[in-house]
Each structure stands twice: as structure tokens, then as C-alpha cells.
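The values are calculated or read from the model by the stated rules, or taken from the named source; none is laboratory data. Owing to the predicted nature of the structure, the values given are computational and were not obtained by experimental measurement. Backbone-built Cβ (ideal geometry, glycine too); neighbour counts: all protein chains shown.
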Amino acid sequence: MSFSKETQQKIDRFAAEMSQRYLSDVEMTHLESLRKNVRQGMSSVGEQIAKFRAKSGKSIDAQNDLALYMSDYMSDLMSQGLTEQGAFEKAKMELSATNTEQASDLHERFIQYYKNRDPAEEEAIGSFYGGFLFLGVAVGGLIGFLVSGGVPAFSADGWIYTLVGVVTGAFIGIGLGLISNAIIAAIKRS
């Protein structure tokens with residue numbers, strides 16, 4: 001369901017604020033646990049952590065997940081007869097409270113996500129992307145360089161062939177990275 005631009009912005013703002021609460025319940029960084037144990041003099045560290053977490057990939061993922069969950073919930077509420085604004089207010093109220101069914105369900109989803117998350121898998125996927133990208137750029141550049149005539153022709157037109165080879169190799173490397181990501185995801189699901 002598509003919402004007005006204003007309502008979508010409200011959903012995104014709400015998701016950004018609330019995702020931090022859900023993340024803090026599920027995941028605590030080393031600095032946060034230090035702050036918890038040694039409260040005095042740590043207020044500036046706490047502010048830096050909050051800034052870091054708000055911009056981290058996990059935080060952005062949590063914000064996107066929360067916005068999607070809220071949008072789905074609002075769509076359900078609107079199909080029951082509520083206006084867009086009424087659905088937004090009800091969803092915001094229920095997801096902000098800690099003792100509602102919707103908030104509990106969302107909190108459980110965040111817990112399951114972080115329980116099932118495997119950093120080694122993410123590292124493997126990143127390694128595939130990086131490895132294939134470097135391999136593609138190197139092979140593509142070398143093929144372009146050799147096809148152009150090598151060193152004697154490089155300064156004339158050869159650099160163009162080399163550049164085309166590098167760009168083509170980069171695209172091939174990213175494509176192979178995407179395929180490896182898909183394979184890892186399929187293996188994990190089975």
C-alpha cells in the first residue's frame with residue numbers, strides 16, 4: 001500500500017527513533033557495557049555511541065525493517081477502516097509501548113534476527129565480492145591491455161581498451177559476487 005509522502009516521512013522518522021530502542025535491548029556494544037558499569041564521566045562516550053549506532057548498517061537495517069513492519073501494520077489497520085493518519089497514530093502508539101502485542105512481536109523479530117545472524121557468513125559474502133571484483137578488474141585490464149597491442153600502443157589508443165577491460169571486469173566481478181551471495185543465501189535457507 002502506498003502512503004502519502006508526509007506519512008511515509010513520519011513512518012521513517014518513527015522507525016529511526018524506535019529502532020534504537022529495539023537494538024539496545026538486543027545488542028550491546030563493548031563500549032555500552034563499559035558505560036553501564038562505569039557511569040561517571042562517560043556521557044560524551046554515550047553520545048558518540050548513539051551517533052555511531054544511528055549511522056551504522058545495523059541501525060539502518062533495523063530502521064528499514066521497522067518502517068516496513070509499521071507500513072504493513074498500518075495497511076492492515078486501514079483495511080479495517082482507519083484513515084491513514086489514524087492508522088499511523090495507532091501503529092505509533094502500539095509500537096512505542098512496551099506491553100502491546102505489536103511491540104512484543106516486533107521485539108521478538110529483532111531478537112530472532114540477531115540470534116540467527118552469522119558474522120562469518122557476512123564476512124564470506126564480502127570476501128567473495130572483494131575477491132571477484134579484484135580478479136575481474138585485473139583480468140579485464142590485462143585482456144584490454146594485451147588486445148590493444150601492449151606497451152607500444154598504450155599511449156595511443158591502448159589505454160581505452162584497457163579502461164574498457166577494467167570496467168567490464170569490475171561488472172563481471174560484481175556479478176559473480178552477487179551469484180555467490182545468492183548461493184550462500186540459498187544454502188542457508190535449506
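Annotations
- Residue match in the stretch 140-149 (condition: assigned by TED's automatic domain parsing to the domain that holds Ser19, surrounded by 12 or more Cβ atoms within 10 Å (Cβ to Cβ) and not in a helix (DSSP H, G or I)): no
- Residue check, Leu82 surrounded by 14 or more Cβ atoms within 10 Å (Cβ to Cβ) and not in a helix (DSSP H, G or I): yes
- Any hit, the stretch 168-175, residues being aromatic (Phe, Trp, Tyr), in contact (Cβ under 8 Å) with a residue 12 or more places away in the chain and surrounded by 16 or more Cβ atoms within 10 Å (Cβ to Cβ): no
- Residue in the stretch 114-131 that is more than 30 Å from Ile60 (Cα to Cα) and either surrounded by fewer than 14 Cβ atoms within 10 Å (Cβ to Cβ) or among the acidic types (Asp, Glu) (or both) present: no
- Ala103 being assigned by TED's automatic domain parsing to the domain that holds Ser75, in a helix (DSSP H, G or I) and crowded, with 16+ Cβ neighbours inside 10 Å: yes
- Qualifying residue in the stretch 97-111 (condition: more than 30 Å from Thr7 (Cβ to Cβ) and under 21 Å from the mean Cα position of the chain (by Cα)): no
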